[in-house]
Amino acid sequence: MADEDIEEIADKFAGKFDVMTCSTLYDKGALGQRELKLSQAICLLWQNSTTGEVSGRHSDLHLLVCVYCAGLLDLLVIDKIRINDMLSTCLCLVSKKKMVELDHNQGTSTYLDTMALTEMIEQRHHPRELVDWLEESVDKNDDESASVLTLDSLVKSGIFRKEKLSVGTRFYLNNQEIKQSLVQEVRDTLLTEKTPDLYMRVLLTLLQGADHYRENYDKDKIFKQYFSKQEYKQAKIRLKVISRDWPPIPPPPPPQEMTATA
């Protein structure tokens, strides 16, 4: 199967964003309780612990959009953006567009500003679709891509040590414990029947989208490094179940008809 183009990738992640945030499981308060932001956790798992490489950080469209999508969720959690539905009609067909909106000009003083928020503030009077932001996230300069900004935030926080070598840049672990804890939680969730909390469920759902829908030669490159070949057969089944288990919020009941009284 041919690899997807950016429009398809952006559309897929916009769909995942919608499914997660419109689920009965979604809870902003619960998502904001972890030390690592979602975008940081994705980059931490992306990094190869042995070599320090973050392969494809400038070119892997699936993971670039994945990190940016996680960054938007990070902004949603801290109430810096909101997502509203806008109905549009074309040729008698009604479609629902997810619009990214905000009514403030306050940044976060974090990497999330450069990644997305500053530009969104500049365009706040002209809201745009979520899928458009995701699609255009890969057009940034290398030093302003979602992956590089997030990796640099992990350097700034002391989790990574960044070294420029003749063969490229490496991100070595300064804090082994925080990654080991995250990897162990991923393994426990996918190798047992342990019910993931919301943070882990979102993380796995996003990474499954980035890891699974690519060319066969590069398929599942993130998750495979944390499991043996035999373990991954089991983990992959569990991963698919978790990433699809987002019960939707039921629609409101129809208004009751008023009965005439004598």
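Within the range 46-59, work out how many residues are under 20 Å from the mean Cα position of the chain (by Cα) and touching a residue at least 24 places away in the same chain (Cβ under 8 Å).
Here the count works out to 7.
Does Ile222 satisfy being in contact (Cβ under 8 Å) with a residue 12 or more places away in the chain, under 21 Å from Ser55 (Cα atoms) and in contact with a Leu (Cβ under 7 Å, 6 or more places away or on another chain)? Before the answer, list the steps.
Values: in contact (Cβ under 8 Å) with a residue 12 or more places away in the chain: yes; under 21 Å from Ser55 (Cα atoms): yes; in contact with a Leu (Cβ under 7 Å, 6 or more places away or on another chain): yes.
So Ile222 fits the description; yes.
Given the structure, is Lys229 loosely packed, with under 15 Cβ neighbours inside 10 Å, modelled with pLDDT under 95 and farther than 25 Å from Thr50 by Cβ?
Numbers: loosely packed, with under 15 Cβ neighbours inside 10 Å: yes; modelled with pLDDT under 95: yes; farther than 25 Å from Thr50 by Cβ: no.
Judged against the criteria, Lys229 is not a match.
Output the number of residues of the range 135-168 satisfying the condition of being under 14 Å from Thr51 (Cα atoms), touching a strand residue (DSSP E or B) at 6+ places or on another chain (Cβ under 8 Å) and touching a residue at least 24 places away in the same chain (Cβ under 8 Å).
The total comes to 2.
In the range 243-252, is there at least one residue being surrounded by 15 or more Cβ atoms within 10 Å (Cβ to Cβ), touching a residue at least 12 places away in the same chain (Cβ under 8 Å) and under 22 Å from Thr51 (Cβ atoms)? Don't jump to the end; show me each part of the working.
So the first thing to find is which residues in the range 243-252 are surrounded by 15 or more Cβ atoms within 10 Å (Cβ to Cβ), and the list is 243, 246.
Applying the additional criterion that residues be touching a residue at least 12 places away in the same chain (Cβ under 8 Å) yields 243, 246.
When the remaining residues are screened for being under 22 Å from Thr51 (Cβ atoms), the result is none.
Within the range 243-252, not a single residue is surrounded by 15 or more Cβ atoms within 10 Å (Cβ to Cβ), touching a residue at least 12 places away in the same chain (Cβ under 8 Å) and under 22 Å from Thr51 (Cβ atoms).
Which residues, taken from the range 131-177, are over 16 Å from Gln40 (Cα atoms), more than 17 Å from the chain's Cα centre (by Cα) and not charged (D, E, K, R)?
Asn141, Leu165, Ser166, Val167, Gly168, Thr169
The values are calculated or read from the model by the stated rules, or taken from the named source; none is laboratory data. Since the structure is predicted, the reported quantities are computational estimates derived from the model, not experimental observations. Note that we place each Cβ from the backbone using ideal geometry, even for glycine, and neighbour counts take in every protein chain shown.
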